[in-house]
1. From the list 198, 143, which one is over 17 Å from residue 101 (Cβ atoms) and open to solvent by 40 Å² or more (accessible area, probe 1.4 Å)?
2. Please find, among 228, 252, 288, 216, the residue that is assigned to a helix (DSSP H, G or I), β-branched (Val, Ile, Thr) and at negative phi.
3. Picking from 260, 238, 180, 202, which residue would you name as being more than 30 Å from residue 325 (Cβ to Cβ), among the hydrophobic types (A, V, I, L, M, F, W, C) and in the same structural domain as residue 278 (by TED's automatic domain parsing)?
4. Would you confirm whether any residue within the range 368-389 is closer than 18 Å to residue 239 by Cβ, basic (Lys, Arg) and in contact with a strand residue (DSSP E or B) (Cβ under 9 Å, 6 or more places away or on another chain)?
5. Go through 159, 98, 134 for me and flag whichever is assigned to a helix (DSSP H, G or I), open to solvent by 70 Å² or more (accessible area, probe 1.4 Å), within 20 Å of residue 273 (Cα to Cα) and out of contact with any Leu (no Cβ under 7 Å at 6 or more places or on another chain).
6. Given the structure, is residue 208 open to solvent by less than 40 Å² (accessible area, probe 1.4 Å), among the small types (Gly, Ala, Ser) and either in contact with a Leu (Cβ under 8 Å, 6 or more places away or on another chain) or under 30 Å from residue 264 (Cα atoms) (or both)?
7. Between 177, 149, which is of a type in the set (A, V, I, L, M), surrounded by fewer than 17 Cβ atoms within 10 Å (Cβ to Cβ) and touching a Leu at 6+ places or on another chain (Cβ under 8 Å)?
8. Go through the range 398-453 and count every residue that is among the polar types (S, T, N, Q) and more than 18 Å from residue 359 (Cα to Cα).
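The values are calculated or read from the model by the stated rules, or taken from the named source; none is laboratory data. Worth saying up front: this structure is predicted, and the values here are computed from it rather than measured. Using ideal geometry, Cβ is built from the backbone for each residue, glycine included, and neighbour counts are taken over all protein chains shown. Areas reflect the complete protein model, heavy atoms only, side chains present, ligands, DNA and RNA absent. Shrake-Rupley method; radii C 1.70, N 1.55, O 1.52, S 1.80 Å.
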Amino acid sequence: MANGTTKAKRRPSRRQQGRSTVTIQGAGWLLVYVGLVVLPLALLLVGPVPPGREFLRELSVSLAFAGTAILVLQFALTARFRRIKAPYGIDLVYHFHREISFVALSLLVSHPVMLFIVNPRLLALLNPLTAPWRATFGLIALVTLLAIVLTSVLRKRFRIKYEAWRHLHGILALVAVGLAIAHIEGVGYYVNTPWKRVLWIAYPALWAGLLLYMSVLRPWWLARRPWVVREVRPERGATWTMVLEAQGHPGVSFSPGQFAWLTLDESPFMRREHPFSFSSSATERGRVAFTIKEAGDFTSRIKDVQPGTRVFLDGAYGHFSIDRHKAPAYVFVAGGIGITPLLGTLRTMAERGDQRPVLLIDVNRDWEEITFREELAALEERLHLTVVHVLTRPSPEWTAPSGRFNAAMLLDLLPDDFRERDYFICGPGSLMDMAEKTLYDAGIHFRQVHSERFDLV
């Protein structure tokens, strides 16, 4: 330095260190995933292949191998392994699971299309009455995968119930992967060396192991840790809080803002479960609460649940937590029942004595529909908390922010130090999309913006 002194290096903050660790973990799992998809292609180059195979034919086989590997790995993405989901958040993993299915479908469709281009006579394989079984298995696997994608994309349009769709989705996935593997074995051209044989034993073994874990081991573990309903109480806005108590075990350790899948009054082996955010403080493990708005067939039954009903809880999951995203101050944006994970966070902060500044922007239709209105007012006294209620259909005497919640209103409500804060957003998809875009346009780094979306399918 010109003045003869040296400047000390600035040490990264805990916030930066934590995000760097998450980035490294995420990159590591991504490399593992890509490696498992590419591995069949690499081994395809090893060893003999039948003579007279055109480039386009070999390319079609390579793409089909990659597509099959993706199908097998789809089961790993939905198996709820916390170590895999931790760097990304389960909602992002499920989004990837959905989007990568289009890639798998494209790769697998390209396989027969390229074969038909190379040799149009192979179109005869589309006739299951005359085609060899291995070709028919491949065709059925492809049609099944197309059915999986279509029923997932069009579920809401055709009003397919979540429980029915989920069971259908699982059955079709089993058929698609099983027949695809059988097709590869039946053709046999590319499993004719020891290494290739090991590979195509390992992938079905991985698939079978994931099925065993999801269908037997995980439900068995959940069945040994039951919960019981202690109370169901009404809240504002056609909403109910269900309080659960652990039976014969210490409960569940979770971070504020996380969620769990609940199986109500049925065996966990039935896999009829629904995701809900914890609304209770994370300081209580053995007694937890979930606040649920009437919005469908299942949620409309919550008000009728009787104390003593047995419940099974699979969790906790999610990265929508101040424990994961540490910052000097926060802005919470909630729309309607989106207040649930944020209230659990505020309750936890109150129990911990956490006095970091928080601005809560709570968007509702009218004054009477504001869930936890009175408790939010009480929390303002206990925390360094400012609550701003925005009503989209206010009464004439309402003088606070009102009307359609848009970008201009959001920016007007932000504090002077808005660039230093982290943002947690939960509510209708349109509200979250608008809030995220507004913050990004205002120069907020994407790592400071966190959203909770339950539209997993």
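1. Working: 143 fails: over 17 Å from residue 101 (Cβ atoms).
Just one listed residue meets the conditions, 198.
2. Numbers: 228 fails: assigned to a helix (DSSP H, G or I); 252 fails: assigned to a helix (DSSP H, G or I); 288 fails: assigned to a helix (DSSP H, G or I).
From the options 228, 252, 288, 216, the qualifying one is 216.
3. Numbers: 260 fails: more than 30 Å from residue 325 (Cβ to Cβ); 180 fails: in the same structural domain as residue 278 (by TED's automatic domain parsing); 202 fails: in the same structural domain as residue 278 (by TED's automatic domain parsing).
Just one listed residue meets the conditions, 238.
4. Yes, that holds for at least one residue.
5. Numbers: 159 fails: assigned to a helix (DSSP H, G or I); 134 fails: within 20 Å of residue 273 (Cα to Cα).
On inspection, the qualifying residue turns out to be 98.
6. Working: open to solvent by less than 40 Å² (accessible area, probe 1.4 Å): no; among the small types (Gly, Ala, Ser): yes; either in contact with a Leu (Cβ under 8 Å, 6 or more places away or on another chain) or under 30 Å from residue 264 (Cα atoms) (or both): yes.
When the stated conditions are applied, residue 208 does not pass them.
7. Details: 177 fails: surrounded by fewer than 17 Cβ atoms within 10 Å (Cβ to Cβ).
Selected residue: 149, the only one of 177, 149 that is of a type in the set (A, V, I, L, M), surrounded by fewer than 17 Cβ atoms within 10 Å (Cβ to Cβ) and touching a Leu at 6+ places or on another chain (Cβ under 8 Å).
8. First, pick out the residues of the range 398-453 that are among the polar types (S, T, N, Q): 399, 402, 406, 430, 438, 448, 451.
Of the ones still in play, those that are also more than 18 Å from residue 359 (Cα to Cα) are 399, 430.
Qualifying residue count, the range 398-453: 2.
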